[in-house]
Amino acid sequence: MKLNIRNPLIFVDLETTGLDIIKDRIVEIAVLKINVDGKEELKVRRVNPEMPIPAEATAIHGITNEDVKNEPTFKEIAKSLVGYIEGCDFAGFNSNKFDFPLLAEEFLRAEIDFDLKKRKFIDVQTIFHKMEKRTLSAAFKFYCEKELENAHNAGADSFATYEVLKAQLDRYSDLKNDVDYLSEFSAQTRNVDFIGRIILDEKDAEVFNFGKHKGKSVVEVLEKEPSYYSWMMNGDFPLYTKKVLTNIYLKMKQK
């Protein structure tokens, strides 16, 4: 279907040094312009982020420090980029939460007064999530081609979930039929407590996953700010989270 657009529509995708909108930088930017007449123009540009690219970022997008060392900085391409996207609307995937906010930060750092908020934005991921239901009934119909009767009946839901998992293993050949693998694959984070307030980082150290100390070592925070332990223990946190925190606290005190 041809897009019905009044202005050229720019599809933006960024490869970056990480996921922190404030601290991280662009290492590659792809701009696909869809003109009103339907003509498509793709421009891809590597960018020197002026900071090291972490290995974990390179593992995702394959771009190394060597690849960008002789490329222009964002500030050096910012004016020409603005000229190319001026008067356009924008689209992307998860772009409203990541790509566009980061792009706005880069323009501000380059001292370019380009107000992205004046344009229209389409986030294809949001459309996907709103249009495709994420319920057990929807999954049961998609994978098993059956209607889930007695939905929200605990027994029926349990059997439906079991059937969905088996159907997923049948459908996706790259999924391993192994509990350890499936557990790791389906985890969003490596939780230490059940709800993920405390998780393991890449070095297997316990770190906070919320609030002002998000990403910081639990031990280091408790050493520098002992009152944080009391605040959490007296706060509205699950008992298991408090149990995990207490175990870390006691181990720290024993050392």
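So the values come out like this:
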read-out	value
Helices (runs of 4 or more DSSP H) wholly inside region 172-255 containing at least 3 residues that are without any contact (Cβ under 8 Å) to a residue 40 or more places away in the chain and closer than 26 Å to L19 by Cβ	179-185, 218-224
Test result for D174, under 25 Å from the mean Cα position of the chain (by Cα), loosely packed, with under 12 Cβ neighbours inside 10 Å and more than 25 Å from S137 (Cβ to Cβ)	yes
Test: residue in region 76-91 that is surrounded by 12 or more Cβ atoms within 10 Å (Cβ to Cβ), in a helix (DSSP H, G or I) and under 24 Å from the mean Cα position of the chain (by Cα)	no
Filter pass, K2 being in a strand (DSSP E or B) and among the basic types (K, R)	no
Meets criteria (loosely packed, with under 13 Cβ neighbours inside 10 Å, in the same structural domain as A78 (by TED's automatic domain parsing) and more than 23 Å from R119 (Cα to Cα)) for G62	yes
Criterion violated by E149 - all others in (1) in a helix (DSSP H, G or I); (2) under 22 Å from S137 (Cα atoms) satisfied	(1)
Qualifying residue in region 95-114 (condition: more than 23 Å from N7 (Cβ to Cβ) and in a loop (DSSP other than H, G, I, E, B))	yes
Leading residue by the ranking (surrounded by the fewest Cβ atoms within 10 Å (Cβ to Cβ)) among those in region 181-193 that are of a type outside the set (A, V, I, L, M) and within 21 Å of K203 (Cβ to Cβ)	Q188
Neighbours by Cβ (under 8 Å, 6+ apart or cross-chain): first from region 2-27, in the same structural domain as F98 (by TED's automatic domain parsing) and free of Cβ contacts under 8 Å to residues at least 40 places away in the same chain; second buried (at least 20 other Cβ atoms within 10 Å of the Cβ) and in a strand (DSSP E or B)	none
Residue match in region 136-154 (condition: in contact with an Asp or Glu (Cβ under 7 Å, 6 or more places away or on another chain), under 27 Å from K97 (Cβ atoms), surrounded by 12 or more Cβ atoms within 10 Å (Cβ to Cβ) and free of Cβ contacts under 8 Å to residues at least 60 places away in the same chain)	yes
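The values are calculated or read from the model by the stated rules, or taken from the named source; none is laboratory data. In this text the structure is predicted, and so the values were computed from the model without any measurement. Note: ideal-geometry Cβ built from the backbone for every residue, glycine included; neighbour counts use all protein chains shown.
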